[in-house]
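Novice: Dumping the structure here so I can ask a few things about it.
The values are calculated or read from the model by the stated rules, or taken from the named source; none is laboratory data. For clarity, every value in this text was computed on a predicted model and none was experimentally measured. Counting neighbours? That spans all protein chains shown, and the Cβs are built from the backbone with ideal geometry, glycine included. What goes into the accessible areas is simple: the full protein's heavy atoms, side chains included, and nothing from ligands, DNA or RNA. Shrake-Rupley method; radii C 1.70, N 1.55, O 1.52, S 1.80 Å.
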Amino acid sequence: MLNIRRDICGYCGACVSVCPEGALELIDAYLTVDHTCIDCGICEKVCPLGALEVIKE
């Protein structure tokens, strides 16, 4: 599961461009993640602000 820290997200879109599943979308400065997310962690690694965290359940 991907946790988005909206309080620190800068909505730069870096994560959107690297997602291999296209699960992230930036709509009107609001980042969303859908059910196709595979929890690969690539977005977490590229986020310059550390706003994303993959939580393994």
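Novice: Could we say that E25 is open to solvent by 40 Å² or more (accessible area, probe 1.4 Å), touching a strand residue (DSSP E or B) at 6+ places or on another chain (Cβ under 9 Å) and either at pLDDT 95 or above or among the basic types (K, R) (or both) here?
Specialist: For E25, the condition - open to solvent by 40 Å² or more (accessible area, probe 1.4 Å), touching a strand residue (DSSP E or B) at 6+ places or on another chain (Cβ under 9 Å) and either at pLDDT 95 or above or among the basic types (K, R) (or both) - is met.
Novice: On to the next question. Does D7 count as assigned to a loop (DSSP other than H, G, I, E, B), within 11 Å of the chain's Cα centre (by Cα) and among the acidic types (D, E)?
Specialist: no
Novice: On to the next question. Would you please name the residue that is most open to solvent (accessible area, probe 1.4 Å), looking only at residues in the range 41-57 that are part of a strand (DSSP E or B) and of a type in the set (A, V, I, L, M, F, W, C)?
Specialist: Residue satisfying both the conditions and the ranking: V54.
Novice: Do we find that V16 is free of Cβ contacts under 8 Å to residues at least 40 places away in the same chain, buried (at least 16 other Cβ atoms within 10 Å of the Cβ), more than 14 Å from E53 (Cβ to Cβ) and β-branched (V, I, T) in this structure?
Specialist: Against the criterion (free of Cβ contacts under 8 Å to residues at least 40 places away in the same chain, buried (at least 16 other Cβ atoms within 10 Å of the Cβ), more than 14 Å from E53 (Cβ to Cβ) and β-branched (V, I, T)), V16 qualifies.
Novice: If you don't mind, there's one more thing I want to ask. Can you tell me which condition C37 does not meet? The list is (1) within 17 Å of R5 (Cα to Cα); (2) assigned to a loop (DSSP other than H, G, I, E, B); (3) open to solvent by 70 Å² or more (accessible area, probe 1.4 Å); (4) touching a residue at least 24 places away in the same chain (Cβ under 8 Å), and all the others hold.
Specialist: Evaluating C37 over (1) within 17 Å of R5 (Cα to Cα); (2) assigned to a loop (DSSP other than H, G, I, E, B); (3) open to solvent by 70 Å² or more (accessible area, probe 1.4 Å); (4) touching a residue at least 24 places away in the same chain (Cβ under 8 Å) leaves (3) as the failure.
Novice: Could you list all residues from the range 29-44 that are under 14 Å from V18 (Cβ atoms), of a type outside the set (D, E) and under 10 Å from the mean Cα position of the chain (by Cα)?
Specialist: Selection gives L31, V33, C37, G41, I42, C43.
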